[in-house]
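See below for the structure under consideration.
We did not get these values from a lab; they are worked out from the coordinates using the rules stated. This one's a predicted model, so the numbers in the text were calculated from it and none came from an experiment. Cβ atoms come from the backbone with ideal geometry, glycine included; neighbour counts cover every protein chain shown.
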Amino acid sequence: MSTMSQQAAWGEANHDAADGLIRREAATEAYAGKVRKARELYRRAGESVSREDAWSLGLSFVNSGRTEALLGNVSEAKAQALKAIALKTFSRVRFLAALEIALCGDFNSRGNSGRGIE
């Protein structure tokens, strides 16, 4: 078991750290070209947070979507960004989601995803 996997396992047992560690492991897997594993880890990160924790859930959607955008999977990237925006969470998460949509080349998705971001 790799050190990253050991840390992620520790994080899962310590709920407050779980989603962040799993997101980092997912990003590492994506960077290494292990896209299927990265997608699974991003899904697990989203499942590990409480639905009331809009900040962490939004970051899970944004991070997953950014990876998809960078891999050229535009439709999935937009879907993840729109999920983050729909949470009506912190402006930083909405900004990152709007940036993700812009990475996909869509500057007019749902009117203006960046509207109201302060």
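Here are the numbers for this structure:
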| item | result |
| --- | --- |
| Backbone HN-Hα couplings from phi across region 26-40 [Karplus 6.51/-1.76/1.60, Hz, Gly and Pro as x] | 4, 4, 5, 5, 4, 4, 7, x, 8, 5, 4, 5, 4, 4, 4 |
| Candidate lysines - alpha carbon under 28 Å from residue 37, same-chain residues fewer than 8 apart omitted | 78, 83 |
| Extent along principal axes [Cα atoms of region 3-103; Å; largest to smallest] | 35, 32, 16 |
| Listed peptides 66-75, 23-32, 92-101 by packing density, highest first (mean Cβ within 10 Å) | 92-101, 23-32, 66-75 |
